[in-house]
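Shown next, in C-alpha cells, is the structure this report addresses.
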Amino acid sequence: MASLCAPRFRSVCLGPSTGAQQLRASQSLLAVLVYALFAVVQHAEVVAGLVDFQASLWLTGFFMTGALGFYAVIRSGLNERLGSDPSLTLPQMVLGVLSTVGSYLITGPARGAVMSLMVLILVFGMFALRPRQARWLSVFACALLALAMVWKGATDPLQYPPAVEAVHLLFAIIIVAAVGTLTARMAAIRARMRGQKADLEHALEQIRLLATRDELTGLSNRRHMNELMAIEKARQRRTGQPMSVALLDIDFFKRINDTYGHGGGDLVLKTFAQLTRDGLRSTDVMGRWGGEEFLLMLPDTSAADAAQCVERMRSQLARLSADAIAPGLRVTFSAGVAEVGGLDELETAIEHADQAMYRAKVKGRNCTVVAGTLVA
Ligand SMILES: Nc1nc2c(ncn2[C@@H]2O[C@H](COP(=O)(O)OP(=O)(O)OP(=O)(O)O)[C@@H](O)[C@H]2O)c(=O)[nH]1
C-alpha cells in the first residue's frame, strides 16, 4: 500500500513531469520545509521572550508567502516560461537573504545564530548560480546586513551596541566574502565541466559521423552499409518480403580523373551521390562501396523493381548538365542488380550484383544487368 501511495504522493507534490522540473519542485518544497522549521524556532524565541510576537508574525508571513509562492510557480510549470533561470535560484536566494536580515533585525540578543543562516543560503547557491550571480548575491547580502546593523546600532543601541554590531559586520563580511568566493569558484568549475561535456558530445557526434559516413559524398560508408543491410536482412527474414541490392559503377572514371583532375573527379562523385540519393524512397539506402562504386539497398523490392529504380536514376543523370562541373563532361554508370533470396546471404547477393555489373560493363556500359538474366 505504502509503495502504491508513494509515487502518487510524489506526483501530487512534485508534478507529473520528470527530470529537471521535478528536481526544481522538490528543491523548492525542501525550502518550504526549512522555512517552516525556521518559523517554529522563531515561535520558540517568541515564547522565550526574545522576539516580539507581532514582528515574528510579519516576518513569518513574509517568508512563508514567498517560499510557497516559489513552490506554486514551479509546481504549476509557470517557471519554464519565465526566461533564462527556470530554477528561480537567484530570486529564491534573495528571499532567503531578506528573511535572514529580517530575522537579524527582530531577534535581539540571539541574533548571532541568525548569521549562520546566511552562510547556508550562500552554500545553496554554490550548486546553481553563475559566477557573476554568486558575486552579486554576496555583495547584496553584505550590504543589506551592514545597513541593518548600522540602523539597529543607531536606533536601538541598548540591544544592538554599535561596537558589537561592528564586530558582527566584520565577521559577516569575512564569512560572506569567503563563501561567495568559493561559490564563484564552484560555479566556474561547473561552467568548465558543462563546456567539456558539450565538447565531448560534439566529439562523439564527429566520431559517429566518421565511423558511419563517407567524408567526400556524405553517404553511408561501407562499414555502415554492412550494418544497415544486416539489420534489414533480419527484418526481411521475419516479413518474408523481397529485398534487392544494386551496385553502381561510374563509367570510365579514370578518364574523368585524367581529363578534369582529381578535384573534378571528386566533384563528379559528390554530384552523382547527391543526384541518385534524391530520387530514392526513404527506406532505400545508398552507400559508397569503394572508389567510384556505390551500393544501393532496396528493402521490400524485387530485382525487377530495383532495376526500374536504377533506370530512373540513369535518366535523371542523363538530364543533368555536367557542364557545371566541366564543359563537355558526360557521366554514365553501369549497374548490376541482385535480389537477396530466402536463404542467400547478403555477401552472395552483393557478389551476384558485382558480376552483373561487370557484365553491364562488358555489354558496353551505361546499362543495367539483373543477376540471373540472359544478356543479349
Ligand atoms: N577523384 C577521385 N578518384 C577516385 C576516388 N576513388 C577512386 N578513384 C579513381 O577512380 C578510378 C577508377 O578507375 P578504374 O577502376 O580503372 O575504372 P574506370 O576508369 O571507371 O573504368 P570502368 O569502371 O571500366 O568504366 C581510379 O583512377 C581511381 O584512382 C576518389 O575518391 N576521388
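Only the coordinates and a few stated rules stand behind these numbers; no lab work does. Source: prediction; values computed, not measured. With ideal geometry, Cβ positions are generated from the backbone for all residues, glycine too; neighbour counts draw on all protein chains shown.
Points to keep in mind about this one:
- Applying a threshold of 29 Å to the alpha-carbon distances of K197/K233; K233/K254; K270/K363 flags K197/K233; K233/K254 as lying beyond it.
- Peptides 303-315, 202-214 ranked from most to least packed, by the mean per-residue count of other Cβ atoms within 10 Å: 303-315, 202-214.
- √(5λ) per eigenvalue of the Cα gyration tensor, the chain, largest first, Å: 77, 25, 14
- Protection-proxy order for peptides 155-161, 71-77, each taking the mean of Cβ atoms within 10 Å per residue, highest first: 71-77, 155-161
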